[in-house]
Structures are given as structure tokens and as C-alpha cells.
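The values are calculated or read from the model by the stated rules, or taken from the named source; none is laboratory data. Quick caveat, the model's predicted, so the values are computed rather than measured. All Cβ positions, even for glycine, are placed from backbone atoms using ideal geometry, and neighbour counts span all protein chains on display. Side chains are part of the model used for accessible areas, which takes the heavy atoms of the whole protein and leaves out ligands, DNA and RNA. Shrake-Rupley method; radii C 1.70, N 1.55, O 1.52, S 1.80 Å.
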Amino acid sequence: QVQLVESGGGLVQPGGSLRLSCAASGGIFFINAMGWYRQAPGKQRGLVAVIPSSGSTNYADSVKGRFTISRDNAKNTVYLQMNSLKPEDTAVYYCNANIYIPTRVASYDYWGQGTQVTVSS
């Protein structure tokens, strides 16, 4: 059973930094893209950043230059370094991974449980 476990959320002052981590486990054969999404109260969940198995990363315009996504394939882990945080970054952050399941000969999207990030003075 594939599982994504996130960590690193919390309360931070404006201008501060946080680093989110998400580790995938459970019979994983190959992970395609990994990414982070966020959902603020009263808003739809939206893309923050995505990193493919190879190739260029992609960011939401609102976080470009402040957030950096990276991954450690040996650990099946994706990270989100968040700098210069703003109150409008406050949201629940969700990890996503598109994982190839060889027994099904298909790839599926999996989600973490979410971690709260609050930016406030």
C-alpha cells in the first residue's frame, strides 16, 4: 500500500522560512512527477510546484523566486523549501506523487494527508 507522509509544517512569522518533506513508501517501483499543492480556507486546491523524474521544475507564479522544490530519488522523498513567506502562503500543503504500479501496468496519483503552514506575526 503506497503511503505519502508529510512533515515540516508549522507557524512562522512573515519573512521566515520552512522546509516541507514528503516521503513515499509501500512497494514503489517508479515515481514519475512529485509535487506540492495547497489549499487555503474557502479556496480550491492549487499547484505550488512540481518536479518530474527528469527535466525542469514548474512553479506557481505566486511562489517563483521564493520556493524551491527538490527530490531525493534514493529516498523517494520530495522537499519544498519556502523562503520569504507571506501571510497569503497560509494553507494546508499537500504532497502528490504519480507512481507506476507494475502489477497494474499503470500509474496512479497519490496524496499525503496534508500539513498546515501558517504565516502570521
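For the chain, which whole percent of the accessible surface, found with a 1.4 angstrom probe, sits on carbon and sulfur atoms? Each step should come with its number before you reach the end.
Working: 3080 of 6450 Å².
Solvent-exposed carbon and sulfur of the chain make up 48 percent of the total.
So, for the chain, what is the accessible surface per residue at a probe of 1.4 Å, expressed in square angstrom? List each step's numbers first, then the result.
Numbers: 6450 Å² over 121 residues.
Computed with neighbouring chains in place, this is 53 Å² per residue.
Please list Phe30, Phe67 in order of solvent-accessible area, largest first, computed with a 1.4 Å probe with all protein chains present. Please list the in-between numbers first.
Numbers: Phe30 95, Phe67 5 Å².
Reading off the accessible areas and sorting them downward yields Phe30, Phe67.
Which whole-Hz ³J(HN,Hα) couplings does the range 38-55 yield from phi under the Karplus relation 6.51 cos²θ - 1.76 cosθ + 1.60, θ = phi - 60°, glycine and proline marked x?
9, 9, 8, x, x, 10, 7, 5, x, 5, 9, 7, 9, 10, x, 5, 8, x
Given the protein chains as shown and a 1.4 Å probe, how many square angstrom of Glu88 are accessible, to the nearest 10?
Ignoring ligands and nucleic acids, Glu88 comes out at about 120 Å².
Please state the charge dipole magnitude for the chain, taken about the Cα centre, from unit charges on C-beta atoms (+1 on K and R, -1 on D and E), reported in debye and rounded to the nearest 20. It would help to have the intermediate numbers written out before the result.
On the way: 10 positive and 6 negative charges, 10 e Å.
Roughly 40 debye, rounded to the nearest 20.
Once you keep just the Cα pairs under 8 angstrom separated by 6 or more residues, what percentage relative contact order results for the chain?
36
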